[in-house]
1. What length, rounded to one decimal in nm, is gained on full extension from residue 42 through to residue 153, with 0.36 nm per residue of separation minus their alpha-carbon distance?
2. Taking residue 47 as the anchor, which aspartates and glutamates have their alpha carbon closer than 20 Å to its alpha carbon, excluding any fewer than eight residues away along the same chain?
3. Which of the GluC sites (Glu not before Pro) found in the range 1-93 are in a DSSP loop and have at most 11 neighbouring Cβ atoms, other than their own, within 10 Å?
4. Do the sum for the chain: with -39,500 (n - 2.57) for every DSSP H run of n ≥ 4, divided by all residues, what is the mean residue ellipticity at 222 nm, to the nearest 500 deg cm²/dmol?
5. Over the Cα atoms of the range 5-90, what radius of gyration and what Dmax do you get, in Å?
6. Based on the alpha carbons, how large is the Rg to Rh ratio for the chain when Rh follows Kirkwood?
7. Whole number please: convex hull volume per residue, Cα atoms of the range 1-52, in Å³.
8. For the cross-link pairs 88/182; 34/174; 25/80; 3/79, which exceed 20 Å when the distance is taken from alpha carbon to alpha carbon?
Amino acid sequence: MVKTVRDHLVDTLEELGADEFKKFKTKLNTFPVKEGFSCIPRGRLEKADVLDVCDMLISHYLEDYAVQITTKLLSDINKKDLADRLCKATGSGSCDEGQKPEPSSGATKDEQHFVDRHREALIQRTTPVEPILDVLHGSVLTDEQYQTVLSGNTSQEKMRKLYQLMPGWNKRCKDQLYEALKTKNRFLVEDLEGN
């Protein structure tokens with residue numbers, strides 16, 4: 001049976017002793033999260049066990065960012081070995097800052113990702129934005145983030161709100177945005193790639 005990200009998080013956090021787990025939860029409540037995300041309330045964390053914490057991590061931060069946060073906090077409490085093991089188990093390249101991103105449809109090793117490179121043009125020219133958000137909803141965007149982006153009055157405002165979430169994304173999230181743009185706004189993507 002293939003293990004999920006949640007399974008790997010559970011396996012990792014179960015390795016912590018009671019005091020270490022308490023430290024982890026304390027740091028989790030005060031961790032400076034990226035824009036578009038909010039901290040898990042302390043009251044919910046206080047009596048939470050490993051399974052509860054893993055569920056909260058994934059529901060609050062989605063899988064990739066949950067792994068990033070967990071590995072950072074494990075390193076902070078001197079559990080670098082567990083952090084490294086979690087990174088390897090989940091195949092998350094975002095854990096190791098020295099690791100180079102592999103090329104994808106949207107980027108090569110030497111250049112910025114397509115969605116970073118064409119930020120200004122995508123903000124100005126992407127219409128309508130809703131079909132792209134629908135594709136990203138659930139896999140990249142949480143319900144709250146989806147509603148926040150949707151609350152923009154114009155297409156440009158919606159795209160700006162979407163870009164405000166991007167510092168919390170890894171390469172896979174940007175690839176999904178690129179694929180959504182290619183599917184829903186093919187001519188714009190072709191035009192930009194021609195430049």
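Every read-out reported here was derived from the displayed coordinates using simple, explicitly stated rules and does not represent laboratory data. The model shown is predicted, which means the values in this text are computed figures rather than measured ones. Don't worry about glycine lacking a Cβ; one is built from the backbone with ideal geometry, like all the others, and counts go over all protein chains shown.
1. Here the answer is 36.5 nm.
2. In chain and number order, the partners are 11, 14, 15, 19, 20, 55.
3. Here the GluC sites (Glu not before Pro) that fit, given the DSSP loop and packing criteria, are 35.
4. -19000 deg cm²/dmol
5. 11.4, 32
6. That ratio is 1.01, to two decimals.
7. 93
8. Values: 88/182 31 Å; 34/174 16 Å; 25/80 17 Å; 3/79 22 Å.
Checking Cα-Cα distances, 88/182; 3/79 exceed 20 Å.
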